[in-house]
Structure formats: structure tokens, C-alpha cells
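Enquirer: Before I ask anything, here is the structure I am working with.
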Amino acid sequence: MSQATDTQGDEDGTIASVSGPVVVAADLGARMNDVVYVGDEGLMGEVIEIEGNRTTIQVYEETSNVAPGEPVTNTGEPLSVDLGPGMLYSIYDGVQRPLDELEDQLGAFLDRGVDAPGIEMDESWEFTPTVEEGDEIEAGDIVGTVPETESIEHKVLVPPDYEGGAVTNVEEGAFTVTETVVELDSGEEVTMHQEWPVREARPTVDKETPKTPLITGQRVQDGLFPLAKGGTAAIPGPFGSGKTVTQQSLAKYADADIVIYIGCGERGNEMTEVIDDFPELEDPNTGKPLMSRTCLIANTSNMPVAARESCVYTGITIAEYYRDMGYDVALMADSTSRWAEAMREISSRLEEMPGEEGYPAYLAARLSEFYERAGYFQNINGTEGSISAVGAVSPPGGDFSEPVTQNTLRIVKTFWALDADLAERRHFPAIDWDESYSLYRDQLDPWFEENVASDWPEVRQWAIDTLDEESELQEIVQLVGEDALPDDQRLTLDIARYLREAFLQQNALDDVDAYSAPEKTYLIMQAIRTYNDEAFAALDAGVPVEEITDIDAAPRLNRIGTTAEYEAFIDDVESNIESQLREKY
Amino acid sequence: MKEYQTIEEISGPLVFVEIDEPVGYDEIVEIELPNGEQKRGQVLESNEEFASIQVFEGTDSINREASVRFLGETMKMPVTEDLLGRVLDGSGRPIDDGPEIVPEEREDIIGAAINPTAREYPEEFIQTGVSAIDGMNTLVRGQKLPIFSASGLPHNDLALQIARQATVPEEIDEEGDDEDGSEFAVVFCAMGITAEESNEFLADFERTGALERSVVFSNLADDPAVERQITPRLALTTAEYLAFEKDYHVLVILTDMTNYCEALREIGAAREEVPGRRGYPGYMYTDLAQLYERAGRIKGREGSVTQIPILTMPGDDDTHPIPDLTGYITEGQIMMDRNLNSQGAQPPVNVLPSLSRLMDDGIGEGLTREDHGDVSDQLYAAYAEGEDLRDLVNIVGREALSEQDNRYLDLADRFETEFVDQGFDNNRDIEDTLDIGWDLLSTLPKSSLNRIDEELIEKYYREDAGEPDEESTSDESDAAESEAEA
């Protein structure tokens, strides 16, 4: 978090009352959303309401023992993040304080009243300019590059609120982020560091229709319900249905340039797992360390509630900054319900009139504002970049009719519904294929046809039809038993079972199966379809259904997922299926 | 320390006092009644003229003549290793006629959040000796794994069994058992349970000698509800002290969280707050998280805090806000089941809706056994399949089902009677548990074990286990298959 300098003392006030994270100050000359420091310990807070002489502040830290009469200092600036090289590999709390820095200062437990900048101000970075003296540059333009990590070249941008002008001086070499590297004739100086208020979207030129998929490496997602680069998705599910595992798989395997992972109000041990695991993992697309493209924001459920409210904004602002460099950014927020609850909690402390289920009336507006900051953009410097936003939703009791799920569904275009029943029978990822949808399918099909297989849409439709037919047949089976069905329907059930077990299920804990490239996803679908075609041909030739489903080549379909050299294995399975079935007639 | 005799209003558990000097939020207050009785409370809201105070012991017989002292500090728990073996009331005062407790330190009861970068990820297997937990929903050190129960179910027996049997396997190797006592401690926190239940726990602790390595906090059903707000915080502060300062592995049993949440609702209503779902306060998630998240391990420190909160689901409904919010914070849940209980299963744990999120990292080769993960997955899938078929059997009868379906049905029955139902006094080690798992799985043909690695099937599959007792028809095919494979 940026350490804004104190301004004139006459704007400072005193505390009038304290109730949990809500503090009212008197005589404070602050504007809405200004950051203030509260009390003798200087706890960080934000102005959320002004009424006459009384200013209401939400405090990002525990307020125990804070008493009326203590001072409140205004910084005169809104809640902002520090942007610059050094954000990747970092782990922040909800207001962009680096957690490892806090651990050095405070020890194992998080205390309060401590501030630390979001990026290391003293560290030197090797700056290579891409502009020369005399060049005319405008706000948002790229003036140079910095090798931030092994996989990401950081582009140094002119802050969007600059006027721009002709370059009068350019430096090259090692500088800290606060030193000037480019000077303009307008008198403006460009450094590698800039600040941006979190609640304000960074400017862009235009939003475009996304046409490339965000490859997730998950068969059910890429194969049936794809997400576009620049798209939005929601993952709702009751507890224990695997939201976090799904989000983490996305963070690990999605083919984005940059990943921002926001742990919003979730479990401490889970965040620790991410913090421990990610540095050891490799990006399957580049082979570089996963952390070299990742920024983590960890606000666990027992950290102050106001910081939980702000953490999604912190995350998306950082995402926008990398988007401005022309990168594809994937942002995961786990979970947006906790964010909504933080709004509710603060709203009720303000005694605002509640909307549905106690949530504030502005819930829907806040959610859509957030998701609208995602998209495929034309940036003001002429580059193109995208932010794909994936929000987990934790509906109480798994009931999708509650306000957060419903308001989210009105905005997002991909819906990955998690199902407790599937999770109970350890069908993971527990994405319910009946309820989920993706509105990006049609606009992404050309990409899949060109890059994976020309009959991708057709094979996918076959898989969907087969699964649909299974759902209908299952209802009958529940009543009369499988043996009462005609042979062709029994065969369909068997084939659908392979779709579920060999295709939809994917073992996140298996090194090979955890990531399935689109080619593999396609070939598995195709292999099951081969079995389908051969089996129905055999059935038509008069082979009894028991004999068809009993061949020992078919169960090997289930092993494709965990096989690294899958191409040869699939060929072998397909030819075995073919020969075993054909010799029966 | 400032003293006032200016009580303006008394309402429910709240007292409003006029003040002329500011007091801090959350500050502790002593209220002295005219008859000399002392009560304690906490500042809920503070402004320049008024402070509202929540009184832990209830506002009974407080009148406007009572005097109010602000102590100038937040609630502290006096902690020392000597607390082991002691019984305290819900406000942390000894009630066992033991010697006075001389604290080594006084710790703030509102625990600070553990920095996620300082946490050590929990992956040390705790063997509870209960197959349904060890085999299917493994508990690890530093985890918070609640028991979701309902009225009339023996959750207390299960909690006691875990407290009695919990060990880490390597300790067994060194000591023969876990009786060395210097390592393991229990913090037992009773919130609003009946005196009878409390006696049951204490009697068992005494019988097994566990009391001397336990600290008991006791807020019973007839103790003030408001006090329940601080009891678990006192208990967890003690647990953290024992774990992170004194290197104990602490098991915290919190029972019954439902009573805690009811108290939360009561206070919320008294404060005229805007209620959330079913009248519970909107901040209940945050409040519960502040308790549950105090479980864990910290890098560079020996001890650990493992939590087993117990809650009774009102109306057996797991979508009720209390179990629902709990499930979103804790790392899984152990579900008690009324049907299994009436069948006499001890413990009546339904593994299907149960879950341990930290299981995958705590099991496997070098931790438990190489086949643990696969066996557990396969048992889950097979038992779920058998469960599903039971509905069908009711309609069409067993004869109408295929041979394979009948195998799944038999497996589901045997899973309940042999694997889950082991008795509250039976301590099974993990090898036994997994072997029983293989007994069951070996009744299925090898080709249906699609979640188990082929090498493990070769190693552990029992060729001789395939015969369901009552039928001989399937034997032939089983035998034929076995031969074909051999």
C-alpha cells in the first residue's frame, strides 16, 4: 500500500465513536474514499460516509482499545496501489502490504498499525528505453522495458493521467523505481513506479469481442464449457464441492501471461498451501516457475473485514496495469461471496437500509462494476490486452437462488456449476454438465477448428447429446432398473459412463492428469466416440450388449488421462476396441 | 482506572453508561453491585458521552446504583503451563478448588491472525483409530475438522474416542503408546452443554487419566449466554500458548458451537442490529472465522493447534446458517447420520457427505501407506454406487439387478457393518483400516477398480475374497476371472 504523505494538520480530526471496524470522526476535512490514519496507532481506514461534521471511516485493522478523542489524520488521497516492477512473485494482504515483509516486521501473527509499500522502493531494475530524445509520447505509452521475472518483461508506462509531450531526456541502466528514467518537455517525469486508485478503472480505448479461448487444461472446461480470454466466469458451489481446487487448477494451468489470485476471506491453511506450492510448480506452457507470472493476494477469513472488501479491487487494479502492457491476465477471486458479505457487514454497521437477505441495495451494482473491468481491450497505447475474471461463489446451503449467485449470473457468460452429489462420489472436477453453460462456445469454435481439430464442435455436440440422453435414461433406470432397457439404450449408458469417468473426471493430484492439453482433450473424446461407433456397429450386427460392454479394451479408456504418452496409448486402445468388437461378428 | 455510577439504561445483556472520559472499544469493565457482587463486561460501542457494555454474567440484579469501572485494557487470559489438569468456568476462573493459578503471561484473548506466509502447511497424519476418519477423512495436525451432528446422536462419544486414541504413528513406535503426556494436551471448551454432558466428559477424562493433560473451560447450559462469547476465546488463547510457546500438540474440542451461535444471535438482537439469515448477525462468518482460523501450525515452532468443534444441526439441516458457515471455514466435516445410528453403527459416521480437505497431503507413501488415497477414492465411489442402488432395490428387488449391482449392494452393507461400525472402544491402526478396505474392495472384480493404480491392485487385491456369502452363482465368474488374470 502506498504511503501517502500527511497533509495539512488543519484537516485532521478526532474520533467521536468506535463500533468494530466502523469509526466516526469529527472535524475531519476529508473527501469520500480518502485514506485516513486512525488513532494513536495510526490504523489505516477509508472514508465511506460524510454527514455534516461527522465522517464515517471503515478501518482495515482490528480496532480493540481505540478510544474516542484519539486523532485521525487525513492523507488526502484515495485508496491506491503501488504499481511497478516487483509485483510478480509477491504475496499481499487485502491492501497490498507484502505478507513476507509483515512477517519480518511482526513475526508470525499479524499485528496492526504497520505499513509497508507494495513494491520494494530501494531495489534496482535494469531499464532499457524504447523511446529516444525527441519522440512524442502520450499518456499510457510504453517508454521502456524491465526484465521483471524470467517469463515476464515489464513494460514501463507513462501514467494514464499524464499530459505527454516530447522526450527531453532518457536514461538507461539500473535504477530504483522512484528514480526518473524519462523526462518530457511538459515537465513531467516518468519513473518505473506509479499509483492508481483501486476503485477507478484504468482507462482504455475500446472493448472488443474475445475470440481466443483461455485454455485451462481441464477437459470439462475446455471441452464443454470454454472461457474466452477476456471473458468472465462464475464457479458457484456449496462447501466441499471443490471451488478452491478448481480455482487453483486455473491459476496453475491457464495459458494466461499473468495470473492474479485473490484469496478473499478464505482459509489460512489453504492460502499457505498456495504460497508453498506455487513457487515449486512450473508453468506447463513455458516451463518457467509458476510464481514468475503470478501475484497472490491473501486475505484470510479472520483478517479485518474492511480489507476483505478492498482486496478484489486491489487485485483487479494490478490486473489492469499488466493488461495495459499488452498481456493476457487471468484473475481468480475466491470467493466473491466473502467480498459481498464484507459489504453486508459494513453496510449493516452503517445502519443502511438492507436489500435482499441483508445485503446492501448496491450489491448488484458493485458486482457488475467489478466484472465489467474484465474484457478484451484495446489499450490507450495501441496494444491489446485482456483480463479474464473468474469468481468463485459460495452460496449458503448450496442454494443458487441467493442474491450473490443470481446477481453474478446476470453478468458472467460462463457458468461452471459445482455439485455436491458429484463431489460426494469423488467425481472431480465436480462441474455439473447439465447445469453449466458457456455463452462463448460459438465465438470460440473457429479457434478450436483451426488450432485443434476441424470437427471439434461436432464431436463436442455428440458428447453433450450422449450425456443428455444418459440423464434422461437415468430417470427411467431409477424406476425400473437398467436391465429393463432396450439394448441400444443400455449401450448408450455404458458409453456415457466412459464420458463421465474417462473424459469429465480429471485427477488434480495426478501429475499427468492434472493438465490436459486441448489436443489430448479432443483425442479422449474422439476415442470414446470410436468405441461408440464400433459398439453400435457390433450391436447392429447382432452382438448381444453384454458381450460388447464386457470387452477388456474399453476400461482402458479410463487410463488415458493419467498416461503421459497418450497418443500411442490412444491408438492402441482404439485398435484394440476395434479388433475385439469386430471379431464378435 | 475510572469509576462511574452513571448507568443510564439496562436492556437485555447490555448496560449503557454515561461517561466523561473516552473509553476504548473492546475494553473490559467491572461492575460492582450495591450488594458487593462483581460482574464483568466488555465495551461494545464507545463515543464521547456513552459507552455500551455487554455484561458476561447477565444483567440480573444490576440497578442504576451499581458502579462501573473501566479497566483500560482489553480482555486478557492469564496463561501458564500449570493450567493443565485444571477446570475453569466460562470466564476462566478456577472452579476445581485447586491452588491459585500464578500466570506466566497474560495474553489478549482476541487472537491476532496468523500470517499465511508464517504458517506451516499441515500434513502430519493423526491416527484417531477410527476407520471412518483415518481411512476416509484423515485428520492432520493443525487442521480444524468439525463434527456435524444432531440432537440425539453420540457425537460426544466420538469426540471422546478421538481425544483418547489420537496419536501420531511415529510416537507409537518410540513409546509403545502416547502416554508420555509431555507432548499432547487437550483443551476442552464447553459452551452451553448440560451438566450431565459435561460430567460425562470429565468422568471419561478422569478414567483415562487424560484430565492431567487437559484444561477444561466450562460454560454450562444454565450459565449466562453472553459468557459463551468469551469462553472459546479464552480456550483458544490457552491452546495457542501451550502450542506455540510450550510446544504441545493441542487438541481443542469446542462443544457445542450451536449454543455459541445462539448467544451471538441473542446479543445481536439486544443491540438491535440488522439481522442476516435466520436472524443470525451478518458478521457471524467473520466471528466464527476468528475462532476456527486459530487452528494451525507455525513455521519454526514445535506445537500445533488442532480443532474439533462439535455442532448440532438444528433440524438435521446442513444448510442451516451454523453448519453452513462453519463448513465454509473449516477444512472439511465429519457427518453423523441418524440412520446409521439407528442401525447401531458406532460411530455412526456417514462418509459420503464427510470430507477432510487436508487429507491428500497427509497420506500416502511414507505418511500412511502407498495405497491409502486410491483405496479411499475407490471405497467412496463403490459405496456411493451401492447407496444409489438401495433405492432401486426397494422398487424392483434384488433379483432384477445385475450381478455387478448386487456386488455393490453387498459392499455397501459390509462397508457399514465392518468398516464404519467398529465400536467406541476399538482402536484400529491405519494398517488395519486399509486392510479392511481391501477385504471389501476385493469382492469386486479387478476391472472395476478403476481408481486404483494397477500395481497396487496386484499387490493388495485378495484373490480369495470374492465370494459373497449367500450366493454361489457369482463365484464361478469371479474364479474364472481370477484365473484368466493369473
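Enquirer: Looking at the range A:85-100, I want the residues that are of a type in the set (Phe, Trp, Tyr) and have a partner that is in a helix (DSSP H, G or I) with Cβ atoms under 9 Å, at least 6 apart or on another chain. Which pairs are those?
Expert: Sorted first by the residue in the range A:85-100, then by its partner, the pairs are A:Tyr89/A:Pro279; A:Tyr89/A:Met291; A:Tyr89/A:Ser292; A:Tyr92/A:Leu99; A:Tyr92/A:Cys311; A:Tyr92/A:Thr314; A:Tyr92/A:Gly315; A:Tyr92/A:Ile318.
Enquirer: Within the range A:425-448, take every residue that is more than 22 Å from the chain's Cα centre (by Cα) and among the acidic types (Asp, Glu) and give me the one that is surrounded by the most Cβ atoms within 10 Å (Cβ to Cβ).
Expert: Checking each candidate, the answer is A:Asp445.
Enquirer: Let me ask something else about it. B:Arg93 is checked against (1) of a type in the set (D, E, K, R); (2) within 21 Å of B:Tyr292 (Cα to Cα); (3) surrounded by fewer than 18 Cβ atoms within 10 Å (Cβ to Cβ) and fails just one. What number does that condition carry?
Expert: Every listed condition holds for B:Arg93 apart from (2).
Enquirer: Another question, then. So A:Asp283 passes all but one of these: (1) buried (at least 23 other Cβ atoms within 10 Å of the Cβ); (2) in contact (Cβ under 8 Å) with a residue 40 or more places away in the chain. Which condition number does it fail?
Expert: Failed condition: (1).
Enquirer: Looking only at residues in the range B:114-141 that are surrounded by 24 or more Cβ atoms within 10 Å (Cβ to Cβ), closer than 21 Å to B:Leu158 by Cα and in contact with an Asp or Glu (Cβ under 7 Å, 6 or more places away or on another chain), which one is nearest to the other protein chains (Cβ to nearest Cβ)?
Expert: It comes out as B:Val140.
Enquirer: Here is a further query. Please list, ordered by first then second residue, the pairs with beta carbon atoms under 6 Å, 6 or more apart or interchain, first in the range A:305-316 and assigned to a helix (DSSP H, G or I), second of a type in the set (S, T, N, Q).
Expert: If the second residue must be of a type in the set (S, T, N, Q), the pairs left are A:Val305/B:Thr286; A:Ala306/A:Gln58; A:Ala307/A:Asn299; A:Arg308/A:Asn299; A:Cys311/A:Asn299; A:Thr314/A:Gln96.
Enquirer: Then there is this: I want to confirm something. Restricting to the range A:560-577 and keeping residues that are part of a helix (DSSP H, G or I) and loosely packed, with under 15 Cβ neighbours inside 10 Å, which single residue is nearest to the other protein chains (Cβ to nearest Cβ)?
Expert: Here the answer is A:Asp572.
Enquirer: Find the helices (runs of 4 or more DSSP H) located wholly in the range B:301-398 whose residues include 2 or more that are within 11 Å of another protein chain (Cβ to nearest Cβ) and among the aliphatic types (A, V, I, L, M), and list them.
Expert: B:321-329, B:372-396
Enquirer: What number of residues in the range A:253-266 are within 23 Å of B:Asn115 (Cα to Cα) and either modelled with pLDDT of 90 or more or part of a helix (DSSP H, G or I) (or both)?
Expert: Qualifying residue count for the region: 6.
Enquirer: Do you know which residues across the range B:350-369 are in contact with a Leu (Cβ under 7 Å, 6 or more places away or on another chain) and at pLDDT 90 or above?
Expert: The answer is B:Asn350, B:Ser356, B:Arg369.
Enquirer: I've got another one for you. How many residues does the range B:451-474 hold that are basic (Lys, Arg), more than 12 Å from B:Leu441 (Cα to Cα) and at pLDDT below 90?
Expert: Residues that pass the stated criteria total 0.
Enquirer: Would you please name the residue that is surrounded by the fewest Cβ atoms within 10 Å (Cβ to Cβ), looking only at residues in the range B:337-374 that are farther than 18 Å from B:Ile308 by Cα and among the hydrophobic types (A, V, I, L, M, F, W, C)?
Expert: B:Leu367
Enquirer: Given (1) under 27 Å from the mean Cα position of the chain (by Cα); (2) within 13 Å of chain B (Cβ to nearest Cβ), identify the lone condition not met by A:Lys520.
Expert: Among (1) under 27 Å from the mean Cα position of the chain (by Cα); (2) within 13 Å of chain B (Cβ to nearest Cβ), the lone unmet condition for A:Lys520 is (2).
Enquirer: Continuing with the same structure: At least 3 residues that are out of contact with any helix residue (DSSP H, G or I) (no Cβ under 7 Å at 6 or more places or on another chain) in each: list the strands (runs of 3 or more DSSP E) lying fully within the range A:56-152 that qualify.
Expert: A:71-78, A:124-129, A:142-147
Enquirer: Next question. Among the residues in the range B:444-457, are any touching a residue at least 12 places away in the same chain (Cβ under 8 Å), farther than 17 Å from B:Ala382 by Cβ, surrounded by 14 or more Cβ atoms within 10 Å (Cβ to Cβ) and among the polar types (S, T, N, Q)?
Expert: Among the residues of the range B:444-457, not one is touching a residue at least 12 places away in the same chain (Cβ under 8 Å), farther than 17 Å from B:Ala382 by Cβ, surrounded by 14 or more Cβ atoms within 10 Å (Cβ to Cβ) and among the polar types (S, T, N, Q), which makes the answer no.
Enquirer: Let me ask something else. Does A:Thr209 satisfy the criteria of being farther than 30 Å from A:Asn507 by Cα and in contact with a His (Cβ under 8 Å, 6 or more places away or on another chain)?
Expert: No, not satisfied.
Enquirer: Tally up the residues in the range B:7-47 that are surrounded by fewer than 17 Cβ atoms within 10 Å (Cβ to Cβ), among the charged types (D, E, K, R) and not in a strand (DSSP E or B), please.
Expert: 3
Enquirer: So which of A:Gly397, A:Gly375, A:Gly385 ends up being crowded, with 23+ Cβ neighbours inside 10 Å and out of contact with any Phe, Trp or Tyr (no Cβ under 7 Å at 6 or more places or on another chain)?
Expert: Answer to the selection: A:Gly375.
Enquirer: Looking at the range B:287-309 only, could you name the residues that are surrounded by fewer than 24 Cβ atoms within 10 Å (Cβ to Cβ) and in contact with a His (Cβ under 9 Å, 6 or more places away or on another chain)?
Expert: Of everything in the range B:287-309, those that are surrounded by fewer than 24 Cβ atoms within 10 Å (Cβ to Cβ) and in contact with a His (Cβ under 9 Å, 6 or more places away or on another chain) turn out to be B:Glu302, B:Gly303.
Enquirer: Checking the structure you have, find out if any residue of the range B:222-232 is assigned to a helix (DSSP H, G or I), surrounded by fewer than 22 Cβ atoms within 10 Å (Cβ to Cβ) and in the same structural domain as B:Gly111 (by TED's automatic domain parsing).
Expert: No, that holds for no residue.
Enquirer: Considering only residues that are in contact with a strand residue (DSSP E or B) (Cβ under 8 Å, 6 or more places away or on another chain) and of a type in the set (S, T, N, Q), look in the range B:96-147 and name the one that is nearest to B:Met75 (Cα to Cα).
Expert: B:Asn115
Enquirer: Looking at the range A:317-326, can you tell me whether even one residue there is of a type in the set (D, E, K, R), more than 17 Å from A:Ala514 (Cβ to Cβ) and not in a helix (DSSP H, G or I)?
Expert: The answer is no, given that none of the residues of the range A:317-326 is of a type in the set (D, E, K, R), more than 17 Å from A:Ala514 (Cβ to Cβ) and not in a helix (DSSP H, G or I).
Enquirer: Sticking with this one: Take the residues in the range B:399-435 that are in a loop (DSSP other than H, G, I, E, B) and surrounded by fewer than 19 Cβ atoms within 10 Å (Cβ to Cβ), then tell me which one is farthest from the other protein chains (Cβ to nearest Cβ).
Expert: B:Asp425
Enquirer: Could you please find all residues in the range A:546-559 being among the aliphatic types (A, V, I, L, M), outside any loop (DSSP other than H, G, I, E, B) and surrounded by fewer than 19 Cβ atoms within 10 Å (Cβ to Cβ)?
Expert: Matches in the range A:546-559: none.
Enquirer: Determine which single condition A:Leu444 fails, assuming it passes every other condition in (1) touching a helix residue (DSSP H, G or I) at 6+ places or on another chain (Cβ under 6 Å); (2) more than 26 Å from A:Ile318 (Cβ to Cβ).
Expert: With (1) touching a helix residue (DSSP H, G or I) at 6+ places or on another chain (Cβ under 6 Å); (2) more than 26 Å from A:Ile318 (Cβ to Cβ) applied to A:Leu444, the lone miss is (1).
The values are calculated or read from the model by the stated rules, or taken from the named source; none is laboratory data. Note that the structure is predicted; figures quoted are calculated from it, not measured. Cβ sites come from the backbone with ideal geometry, for glycine too, and all protein chains shown count toward neighbours.
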